[in-house]
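The values are calculated or read from the model by the stated rules, or taken from the named source; none is laboratory data. Here the structure is a predicted model, which means the values were calculated and not measured. Cβ placement follows ideal geometry from the backbone for every residue including glycine, while neighbour counts extend to all protein chains displayed.
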Amino acid sequence: MRSPAAPARAEWGPLWSTVRRGLVTREWRAAPMTLGAVCLTALFQYVQNRSWGYQFVQDIGSVRAADPLWLSLLRTPLSLFVPALDLPVWGALAQILIVFGVAEICLGRWVTLAIGYVATLAGTLYARLAISLGPHGPLGLPASDARIVDNGPSAAVVGLAIYVCWRHRARCTAVVVVALMVIEAAVKPNLAGKEHLAAISAVALVVVARWALGAVRHRGAVRHRGAVRSGSGVPPIRS
């Protein structure tokens, strides 16, 4: 009889092994970027809740669709670490610590930052497109949403969760995350929910591109080995 823990090991075993090995061998040094991101987010939360610091945080890290595009693009990297004012900051800190930490250990610092930025940028650009479409279509948003601040680190968190699950074959977990985001957008079709779907779509395109590139490289390697065998008098293996 199959153990009840077998499905969990099949789903999360490779991911857990990678994270555990990183933490055991390097301890806190396994995710220094994540620890810095947590500290930066906490600092932004503290500053933006002070009368003297609110406008400063808005000027350097808050993105709205009403802003000029060049200004939004300039602010987008820091917007990953500006928590929403109307949500408890501990939620943003926990998301960054867990998801960014797991991603940094499993993917590396620069891939984590790249995927997080792609997901956040997708949400930022989607907001402009959705507002231009108007509120009547399924992809559109009302013009009033142009003044709403983008959703901070949550789009990056969702995108990284999907990408990490794909890389470590936790496919059911990825499906659950996508389903939860779809339900969120259906129940509460606001800017944040639809930006999460935009982030998922962008990361899905990255996954497809990586898969296609890997397939091309694999075929090239197979053809190269076949050519080498043919040149050496050894008949190539036919698949």
Which one of these is more than 23 Å from Ala130 (Cβ to Cβ) and charged (D, E, K, R): Arg64, Arg26, Arg75? Arg26
Just checking, how many residues over the range 41-63 are buried (at least 20 other Cβ atoms within 10 Å of the Cβ) and either polar (S, T, N, Q) or closer than 16 Å to Ala155 by Cα (or both)? 5
Select, from Val164, Val207, Val157, Val203, the only residue that is at pLDDT 90 or above, touching a Phe, Trp or Tyr at 6+ places or on another chain (Cβ under 6 Å) and surrounded by 22 or more Cβ atoms within 10 Å (Cβ to Cβ). Val203
If you take the residues in the range 138-158 that are among the small types (Gly, Ala, Ser) and either on the phi > 0 side of the Ramachandran plot or part of a loop (DSSP other than H, G, I, E, B) (or both), which one is farthest from the chain's Cα centre (by Cα)? Gly140
Go through the range 42-78 and give me each residue that's over 21 Å from Ala94 (Cα atoms), part of a loop (DSSP other than H, G, I, E, B) and touching a residue at least 40 places away in the same chain (Cβ under 8 Å). Val63, Arg64, Ala65, Ala66
Could you tell me whether Ile98 is under 15 Å from Gly159 (Cβ atoms) and part of a helix (DSSP H, G or I)? yes
How many residues, within the range 149-175, are without any contact (Cβ under 8 Å) to a residue 60 or more places away in the chain and closer than 29 Å to Leu133 by Cα? 5
Only one of Val19, Val99, Val38, Val82 that is surrounded by 16 or more Cβ atoms within 10 Å (Cβ to Cβ) and more than 23 Å from Ala192 (Cα to Cα): Val19
Can you tell me which residues in the range 125-137 are out of contact with any Lys or Arg (no Cβ under 9 Å at 6 or more places or on another chain) and either touching a residue at least 60 places away in the same chain (Cβ under 8 Å) or at negative phi (or both)? Leu125, Arg128, Leu129, Ile131, Ser132, Leu133, Pro135, His136, Gly137
Condition check: modelled with pLDDT under 90 and in a helix (DSSP H, G or I). Does Arg29 satisfy that? yes
Would you check which residues across the range 210-239 are of a type in the set (Lys, Arg) and either surrounded by 10 or more Cβ atoms within 10 Å (Cβ to Cβ) or at pLDDT 90 or above (or both) and list them? Arg210, Arg217, Arg219, Arg223, Arg225, Arg229
Could you tell me how many of the residues in the range 167-194 are loosely packed, with under 14 Cβ neighbours inside 10 Å and of a type in the set (Val, Ile, Thr)? 4
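Per-residue answers, yes or no, for (1) in a loop (DSSP other than H, G, I, E, B); (2) of a type outside the set (Gly, Ala, Ser):
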site	(1), (2)
Ala114	no, no
Tyr117	no, yes
Thr124	no, yes
Ile131	no, yes
Pro135	yes, yes
Quick check on this structure: which one of Ala192, Ala179 is touching a Gly at 6+ places or on another chain (Cβ under 9 Å), in a helix (DSSP H, G or I) and over 15 Å from Pro138 (Cβ atoms)? Ala192
